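The values are calculated or read from the model by the stated rules, or taken from the named source; none is laboratory data. As the structure is a computational prediction, the values presented were derived from the model and not from experiment. Every residue, glycine among them, receives a Cβ derived from its backbone with ideal geometry; neighbour counts consider all protein chains shown.
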Amino acid sequence: MQEDYFRQYGLVAIFVVVAFAVPISMLMMSWMASRVGLRPNNPTQVKSETFECGMEAIGGRWVQFNFRYYMFAVLFVIFDVEVVFLYPWASKFLKLELFALVEMAAFVAILLVGWAYAWRKRDFEWG
């Protein structure tokens with residue numbers, strides 16, 4: 001039993017080491033390539049411009065965006081994640097007990113409180 005315990009967590013430890021080693025090694029190889037001269041560093045005016053799909057940049061580099069875009073994106077992610085949690089629960093609904101129903105009702109109630117808060121602050125209105 002203890003061997004399985006170490007084997008499972010040993011695999012997690014290997015995954016963590018690889019997860020850190022791969023990006024760090026990529027950054028180190030990039031740094032060494034620029035130091036040795038394999039990757040030239042010659043910035044020009046064209047390379048320093050803001051990229052806009054091959055078109056000439058219009059306006060400055062720091063354009064202020066309307067906060068409503070971010071609010072809609074955050075609300076979309078919240079309710080999209082809700083569906084991710086609701087779908088498996090709904091697919092096994094008949095096999096679950098009363099506790100699962102109460103637990104999901106609490107989850108939906110918390111989300112409804114957030115939805116009511118966003119509705120009250122008029123975050124769903126565009127105008």
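So is Gly10 at pLDDT below 80 and of a type outside the set (S, T, N, Q) or not?
Criteria not met by Gly10.
Among the residues of the stretch 116-127, write down those that are free of Cβ contacts under 8 Å to residues at least 24 places away in the same chain and surrounded by 10 or more Cβ atoms within 10 Å (Cβ to Cβ).
Ala116, Tyr117, Trp119, Lys121
Examine the stretch 86-106 for a residue that is in a loop (DSSP other than H, G, I, E, B) and loosely packed, with under 13 Cβ neighbours inside 10 Å, and state whether such a residue exists.
Yes, some residue in the stretch 86-106 is in a loop (DSSP other than H, G, I, E, B) and loosely packed, with under 13 Cβ neighbours inside 10 Å.
Looking at the stretch 62-84, which of its residues are in a loop (DSSP other than H, G, I, E, B) and farther than 16 Å from Glu125 by Cβ?
Trp62, Val63, Gln64, Phe65
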